[in-house]
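These notes are about the structure you will find just below.
The values are calculated or read from the model by the stated rules, or taken from the named source; none is laboratory data. Predicted model, so just to flag it, every value in this text is computed and none were measured. Here the Cβ is made from the backbone with ideal geometry for all residues, glycine too, and neighbour counts use every protein chain on show. In case anyone asks, the SASA skips ligands and DNA or RNA and just uses the protein heavy atoms, side chains included. Shrake-Rupley method; radii C 1.70, N 1.55, O 1.52, S 1.80 Å.
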Amino acid sequence: MPERADSTLNDTVELPGTPSQTVGPFLTIGLDWGRAGRMVVPDGTPGAFWIRGEILDGAGDPIPDALVETWQAAPDGRFDHPDDPRGRHPGWRGLGRSDTRLGEYAVHTVLPGPVPTREGRPQAPHIDVSVFARGMLHRVVTRIYFPDQAATNATDPILATVPQDRRSTLCATTSPDGYRFDIRLQGPGETVFFDV
């Protein structure tokens, strides 16, 4: 084999990194729980309601293939977890999952109880929300607060860290069968997301 007179053979060549893969659009593969995923509590549970909403892009258009996961405490503010210092709530799942194939997500649940911070300060009733969608490298995390909990919302230590003019992006509005909570991923009125 003839020798090459290329002086770059012995030089270190720096190549650009491989680009990251975005999420989706295949979110439903292996994640399709159907109605069971949307039902944090069964039909007929006292005080149960629906939370519905759209996931909107920067232009304000609905995203038809996003996935929303919710996580919340039981009505007594506890979890079914051995590390809950207040004692576990046996059988409480607290997890909901819904996609946006029908134009919006929908989760059937109950009002969670107040949960203390690590320092023991009470938080207002809220639901933690993760959103997964194509074009995003990582999920985004936000919270749903409830408009009929104004007194506890006013003293919530997490909500207090959010600028006053942005707090409304974390509060649901009432609807005929429960609450509505649209999530804007970017642009004017962008929902507040937390770095977790």
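Conditions: (1) at pLDDT 95 or above; (2) surrounded by fewer than 21 Cβ atoms within 10 Å (Cβ to Cβ). ILE51 meets all but one. Number of the miss?
Only one criterion in (1) at pLDDT 95 or above; (2) surrounded by fewer than 21 Cβ atoms within 10 Å (Cβ to Cβ) is unmet by ILE51, namely (2).
Being polar (S, T, N, Q) and in contact with a strand residue (DSSP E or B) (Cβ under 7 Å, 6 or more places away or on another chain) is the filter here, so list the residues in the range 176-196 that pass it.
Result: THR191, single match.
From GLY44, GLY30, grab the single residue that is open to solvent by 40 Å² or more (accessible area, probe 1.4 Å), on the phi > 0 side of the Ramachandran plot and at pLDDT below 70.
None of the others qualify; the one that does is GLY30.
Only one of GLY103, GLY91, GLY58, GLY87 is loosely packed, with under 15 Cβ neighbours inside 10 Å and touching a Leu at 6+ places or on another chain (Cβ under 7 Å); which?
GLY58
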